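All remarks here apply to the structure that follows.
Coordinate-derived values only; no laboratory data. The structure presented is a predicted model; accordingly, all values stated were derived computationally and were not measured. Heads up, the Cβs are rebuilt from the backbone with ideal geometry, glycines too, and the neighbour counts pull from every protein chain shown.
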Amino acid sequence: MKIDTLIVGQGLAGSLLAWQLLDRGQRVLVVDRDEQITSSKVAAGLVTPIAGSRFNVPPELGERLLFAKQFYWEKEEATSAQFFHHKRIARVFRNGKEAAAWDKRLKNDGDDLKPYHEPLRIDETAFHAPHSGFEMKEGGWLDVPAFLEATRQHLLERASYAIASLDSADVIVGKEAGPDGSVRWKNIVADRIIFAEGWKGNQNRFFDWLPMKPAAGDILHLEIPELEEETRIVNCGGWLLPLGNGLFRAGSTYRHEFDTEGPTAEGRREVLEKLGNITPHEGRIIKHEAAVRPIIRRSQIFMGRHPSHEEVILFNGLGSKGVLNGPWHASRLVEHLLDGRPLPESSDLRENLL
Ligand SMILES: Cc1cc2nc3c(=O)[nH]c(=O)nc-3n(C[C@H](O)[C@H](O)[C@H](O)COP(=O)(O)OP(=O)(O)OC[C@H]3O[C@@H](n4cnc5c(N)ncnc54)[C@H](O)[C@@H]3O)c2cc1C
């Protein structure tokens, strides 16, 4: 079978690329192991425009946020599924230091911040908020498993998806791939192969030099009937995401050192401690999940062509902000591959990782 692009991995990264390549009329095949637990299947999927304890707002935020929202809404329309949920975020200050940092940020960057915040309204019997906070207007969350499933159906309808585990040792590249393309894997011949394998992205003969710094994270699913009326995401170091009918997700932890990819007692304790800083209501735990985030350098996405094999491409490092930053980066990578446009310098793997 001859195709244009073979994508390895149908997590968030591979899905974003597949959509944008199909939109450009490319013949695509996505292969995925169909594992039960992956970063994308466990992720909270939060889009938090003003993040971190210094409340920095990068200059590119507005463009990326708009791009992401338009992308998800467009794909909802194309699949008749719902996965992007616009939600306000009640950002409660953890302490006086954070309150002071916010005041300073408002003084310095008040105009840039204006579209994103409003004064905080909070019921202090339901939430701890002794240092006050602010409300973010442009937040939300992606139901990542629902997005993956809608994408998978879309790919299946186009004969563009296969359950398989690709071993990079079986991939032949360059002239040896034959006269019809530059990449051969089993009976598939393609012009290029894109590895979107997530946190194990350096267990691959082409990218074994990739400086992955993965971080495991735990999330709890809870029932908290006392907070049933709350519709906003509440963030105070940890976060609480309302799903409706008194059901919530709470998280999360961030461990670079981990013995297991699965949930741990320590992770559970840490999430409960974070929840205790948000609300006095303890709730009932329904489920405890954990997975590993693909991180290379902070939450910076790295992408581009392999240093010695032009037809071998990487898209990885989505980190904790993949839902917000992923769509824009996938579109830049597609423009690079199909139109020869330069990659953004800060994400170009050749500029940063070699
Ligand atoms: C606890 C937790 C909370 C998170 N919260 C957020 C959040 O609030 N907001 C946010 O934006 N991000 C969040 N993230 C991060 C987010 O999940 C990731 O950035 C993103 O989902 C990574 O997607 P990916 O496609 O790169 O990797 P993955 O989701 O790991 O997908 C890789 C896919 O490739 C497949 N695969 C790998 N190698 C092969 C191979 N050789 N052959 C076939 N298939 C292969 C895997 O099976 C998998 O399906 C969170 C993550 C965790 C763990």
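The packing ranking, built from the mean of other Cβ atoms within 10 Å per residue, places the peptides 83-89, 68-74 in the order 83-89, 68-74, highest first. Working ranking of peptides 329-336, 197-204, 282-289 by packing, defined as the average number of other Cβ atoms within 10 Å per residue, highest first, is 329-336, 197-204, 282-289.
The residue among Ile50, Phe67, Ala81 whose Cα reaches farthest toward the positive pole of the charge dipole of region 3-81, with charges on the beta-carbon of Lys, Arg, Asp and Glu, is Ile50.
Computed from the C-beta positions of Glu282 and Lys2, the FRET efficiency with R₀ = 56 Å rounds to 0.45. Residue ranges 138-149, 298-309 sort as 138-149, 298-309 when ordered by packing (mean number of other C-beta atoms within 10 Å per residue, highest first). Decide, for region 295-354, between rounded, prolate and oblate: order the square roots of the alpha carbon gyration tensor eigenvalues as a ≥ b ≥ c, take rounded if a/c falls under 1.5, and otherwise choose prolate if a/b is larger than b/c, else oblate. In terms of gyration-tensor shape, oblate.
Proximity of backbone amide H atoms, modeled 1.01 Å from N, is registered between His117 and Lys137 at under 5 Å, excluding neighbours fewer than 5 places apart on the same chain. Between Ala291 and Gly217, the built amide H atoms are under 5 Å apart, and every one of these is 5 or more places off in sequence or on another chain.
Quick one: which of Lys87/Lys200; Lys75/Lys175; Lys69/Lys114; Lys274/Lys321 span more than 26 angstrom between C-alpha atoms? In this structure, Lys87/Lys200; Lys75/Lys175 lie more than 26 Å apart at Cα. Coupling constants for region 128-141 follow from the phi torsions by the Karplus curve (6.51 cos²θ - 1.76 cosθ + 1.60, θ = phi - 60°), and in residue order they are 7, 8, x, 9, 6, x, 8, 10, 8, 8, 9, x, x, 8 Hz; glycine and proline get x. About its Cα centre, the dipole of the chain is roughly 500 debye, where the only charges are +1 on Lys and Arg Cβ and -1 on Asp and Glu Cβ. Put simply, the amide H of Gly246, placed in the peptide plane, has no neighbours under 5 Å, leaving out anything fewer than 5 places away on its chain.
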